[in-house]
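Working notes, beginning with the structure itself.
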2 protein chains.
Amino acid sequence: MSDLSPLAPSSFPELPPVAGLRLATHAAGIRYAKRADLFLAEMAEGTTVAGTFTRSLCPSAPVDWCRRILAEGDGTARAIVCNSGNANAFTGRAGDTAAALTAELIGESLGIEPHRIYLASTGVIGETLPEPALRDGLPALAEKLAVSSAEAWTDAAGAIRTTDTFSKGAAARVEGTAAHIVGIAKGSGMIAPDMATMLAFVFTDLAVAPAVLQTALSASVASSFNRITVDSDTSTSDTVLLFATGEQIDDELTGVDDERFGAFQAALDTVLLDLAHQIVRDGEGASKFVEVRVSGAESDAAAEIIAFAIGNSPLVKTALAAEDANWGRIVMAVGKAGQAADRDALAIWIGPEQVAAEGVQVEGYSEERATEHLQGDEVTITVDVGVGDGAASIWTCDLTHGYIDINAGYRS
Amino acid sequence: MSDLSPLAPSSFPELPPVAGLRLATHAAGIRYAKRADLFLAEMAEGTTVAGTFTRSLCPSAPVDWCRRILAEGDGTARAIVCNSGNANAFTGRAGDTAAALTAELIGESLGIEPHRIYLASTGVIGETLPEPALRDGLPALAEKLAVSSAEAWTDAAGAIRTTDTFSKGAAARVEGTAAHIVGIAKGSGMIAPDMATMLAFVFTDLAVAPAVLQTALSASVASSFNRITVDSDTSTSDTVLLFATGEQIDDELTGVDDERFGAFQAALDTVLLDLAHQIVRDGEGASKFVEVRVSGAESDAAAEIIAFAIGNSPLVKTALAAEDANWGRIVMAVGKAGQAADRDALAIWIGPEQVAAEGVQVEGYSEERATEHLQGDEVTITVDVGVGDGAASIWTCDLTHGYIDINAGYRS
């Protein structure tokens, strides 16, 4: 396992319990020795579910499974099972069999129909999940279910890690209610707009109708997990699942016109953005947490494309790693984004220091001050492309020797 | 300057003279000390010209200049001037002034109208070209013009280098004629489909009508410079210029139905593909020359997009650097390309070793044999996505610590 990211939070948060939710972890030896590699959450009867998944055209077997049961089901769910170390992706019919077996074994242990059991797998692609480890491990996992205490959350967030250097969790209270939203996530490489190799499992004890839950989740993912990039790569396994047990507040939120919807969306946004930022902070080899803000674009969507062109550029990312105020590379990235931009109206800031205005370096620009900003852990790049009102922010990290070390050694 | 790329050719080729062409280089001290940083080619009266340029929306001043004189002119040209060390990009009005001054000074020295003088600049973005160096250097450059001997070609290819670790040149005879095509190029970082930071200047002594020259050049660039990627970044300065002096063979090639057109196109393709491959071989930090072949796509264009998704993936490129047959990352890249692919019909080869067929690892796959192939300097990845007849090949290199070293230190 790699050294702790220098951008890691000082500690894992103390996460509150979610009513109607029990958690378990277990070390089944699927790939890793001497650590938990299975995670299970069991939710109360009547729990509703929403999900978003990778846009990869080669999705993993668990993604196929979740998509199917989400589409064919009645919007309720009873469990989520996740293993780390093996992605169960590109495993053909054997992969589908392993997914079905996982749901069947947990279903038997807990007395739940398999089509209410969600699945996720993360790790190496192309290897079949070992059936003996599943047959031994899953019933043992189910036996360990316990209340969602702070300790249980810590264990859960640890069990779903692969190359992550720290566990990721976040929580928020739904304002004006006694309900919480709590989530855990994993991910540090293969992170790109469409959620990359990341998993997030989020739970609330407010009752929310499935359609409302999906609306809130899709909106929140669009401005959090879909706004981060580590290396522009997209995984076969990305999954964000949101479950609402209704065990704290059973007065169901049935529409977006419910007066509590705003507070629910705000709390969900807080949790997902926090988790998304934690994933960037654990970007493979990252030494800087970078926010790229683009304004003045033709539309918000155009601003997002330009921001990602900057945030995914290896030349920009290596300059950031070197704390080099090489803003020409930012111009290059704006130019290659393919979105309308007025070169002669372009303005650029590195942190608070304005570098360029109207297409040229500003008088009084201090490379020293820009460099000072880049020497910090948190870097902001702001670009106005001068053609409209579209704006967007994305979050990324720098590209360092650490990324190469991790990815040239991960599997072997 | 970085160490010589391990993929460099053993020596710079002995390039033949082109009739009607004189070359010069000069050390003007624009950025580099003690090396030539100006290149000039003067062509005979009546020379025709064709060009392709970066698709960046923030093009450099010389790109703007060339596009304008190419569009407004009569298809003839008399000179090309190039400086290295400063891209004259994102320099606002001062950049346009410097470009115009360059053409004016060379025009005065040689008695040529400025609008027949093509320009290119490569190097750092955002800094103004130093006027005194231009006023002193350009007339001195013009005085050094001499016949396009092998020595002159060697000097010319050297003068246009920036981070290149070797000079790039290629030549071919137009079969069945006494005419040659000779080209030089530069580029090693910021290399992506749309030609990235690369310059290529190509000359023939066959007479070719401007429209035919442009047709041939565009076709040839599409299958050479637009099929390579080092880091997916696109520069503000990419320029490919092709000049036909007609001084060896003045019987003009006026249409694609001319019986000599096929031989001309073939020779041009040979020269441009050779130069494109040399650029990849000088990819920043490259230790492997990688060909990615995709077949079975819905169209050739779809195959090219999938091939670039593989060739630009940092996870694939770091695995190649580590000689790790981590073919799951190839599946990931196919999945993220957004083009139709049948996961359950996917077939993958690493060199001659078939890894996967019909969506799963093949029986008898030998990781040892795949690794053996990856340990060589030249790597081939072949993917059939199983949905159609579209096919394309692209060329790229691996992603190593060397790339980070070079790009975290280039400017400062």
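Read the figures in this text as sums done on the coordinates, not as results from a lab. Given the structure is predicted, the values throughout are model-derived calculations rather than measurements. We place every Cβ from the backbone using ideal geometry, glycine too, and count neighbours over all the protein chains shown.
Averaging Cα coordinates gives a centre for segment B:250-301 and one for segment B:95-118; these two points are 32 Å apart.
Relative contact order for chain B using alpha-carbon pairs under 8 Å, separation at least 6, rounded to a whole percent? Relative contact order here is 18 percent. Distances between copies at A:A219, taken between label points 7 Å from Cα along the C-beta direction, are 5.5 nm in increasing order. Around the amide H of B:V174, modelled in the peptide plane, lie the amide H atoms of B:A179, B:H180, B:I181, all under 5 Å away and 5 or more residues distant in sequence or on another chain.
Note on segment B:304-389: dipole from Cβ charges, positive end direction compared against B:Q354, B:L315, B:L374; the farthest Cα belongs to B:L315.
Exposure proxy shown here: for B:L213, B:L320, the number of other Cβ atoms within 10 Å sets the order, fewest to most, as B:L213, B:L320. Between segment A:11-67 and segment B:9-66, what is the separation of their alpha carbon centroids in Å? After rounding, the separation between the Cα centres reads 59 Å. Sorted from nearest, the other copies put their B:G338 label points 0.6 nm away, the label point being 7 Å from Cα in the direction of Cβ. Loop-located GluC sites (Glu not before Pro) in segment A:13-47 (DSSP state other than H, G, I, E, B) with a sparse environment of at most 16 neighbouring Cβ atoms within 10 Å: A:E14, A:E45. For segment A:245-351, trypsin sites (Lys or Arg not before Pro) are listed when DSSP marks them as loop and at most 16 other Cβ atoms sit within 10 Å of their Cβ; the list is empty.
Centroid-to-centroid, using Cα positions, segment B:126-169 and segment B:317-339 are 40 Å apart. The HN-Hα couplings worked out from phi for segment B:242-247 by the Karplus form 6.51 cos²θ - 1.76 cosθ + 1.60 (θ = phi - 60°) are 10, 10, 10, 7, x, 7 Hz, whole numbers, x standing for Gly and Pro.
With the cut-off at 1.5 for a/c, could you classify segment B:289-407 from its C-alpha gyration tensor as rounded, prolate or oblate? Oblate, since a/c reaches 1.5 and b/c is not below a/b. DSSP beta bridges fully contained in segment B:289-407 are about 70 percent antiparallel. Note on chain B: the alpha carbon radius of gyration divided by the globular reference 2.2 N^0.38 Å gives 1.01. Distance between the modelled labels on B:R35 and A:D344, one decimal in nanometres: 3.5 nm (7 Å Cα→Cβ projection). Here the spin labels are modelled as points 7 Å beyond Cα on the Cα-Cβ line, and at A:D377 and B:S149 they lie 6.3 nm apart.
What angle, in degrees between 0 and 90 and rounded to the nearest 10, separates the Cα long axis of helix A:300-312 from the longest principal axis of the Cα atoms of chain A? Rounded to the nearest ten degrees, it is 90.
Which value, in nm² and rounded to one decimal, describes the direction-averaged projected area of the C-alpha convex hull of the protein assembly as shown?
Average projection, Cα convex hull of the protein assembly as shown: 34.2 nm².
DSSP bridge analysis restricted to segment A:21-281 gives an antiparallel fraction near 65%, rounded to the nearest 5.
Take B:R68, move 7 Å from Cα toward the beta carbon, and the resulting point lies 6.3 nm from the same point in each other copy, nearest first. Relative contact order of segment A:289-407, taken over Cα pairs closer than 8 Å and 6 or more residues apart, is 47 percent. Across peptide B:307-318, the average count of Cβ atoms from other chains found within 10 Å of a residue's Cβ is 5. With respect to the axis relating copies B and A by rotation, the chain B residue whose beta carbon is closest, plus that distance in Å, is B:H401, 3. Inter-chain neighbour count for A:334-345: the average number of beta-carbon atoms from partner chains within 10 Å of each residue's beta-carbon is 5. Placing pseudo-labels 7 Å out from each Cα toward the beta carbon at B:E14 and B:S223 gives an inter-label distance of 3.0 nm. For segment A:1-100, the set of trypsin sites (Lys or Arg not before Pro) satisfying both a DSSP loop assignment and a count of at most 12 other C-beta atoms within 10 Å is given as A:K34. Pairs exceeding 30 Å between alpha-carbon atoms, taken from A:K34/A:K186; A:K144/B:K336; A:K336/B:K34; A:K186/B:K288: A:K144/B:K336; A:K336/B:K34; A:K186/B:K288.
Determine the calculated [θ] at 222 nm for chain B from helices alone, applying -39500 (n - 2.57) to every DSSP H run no shorter than 4 residues and normalising by the residue count; nearest 500 deg cm²/dmol.
After summing the helix terms and dividing by residue count, I get -10000 deg cm²/dmol.
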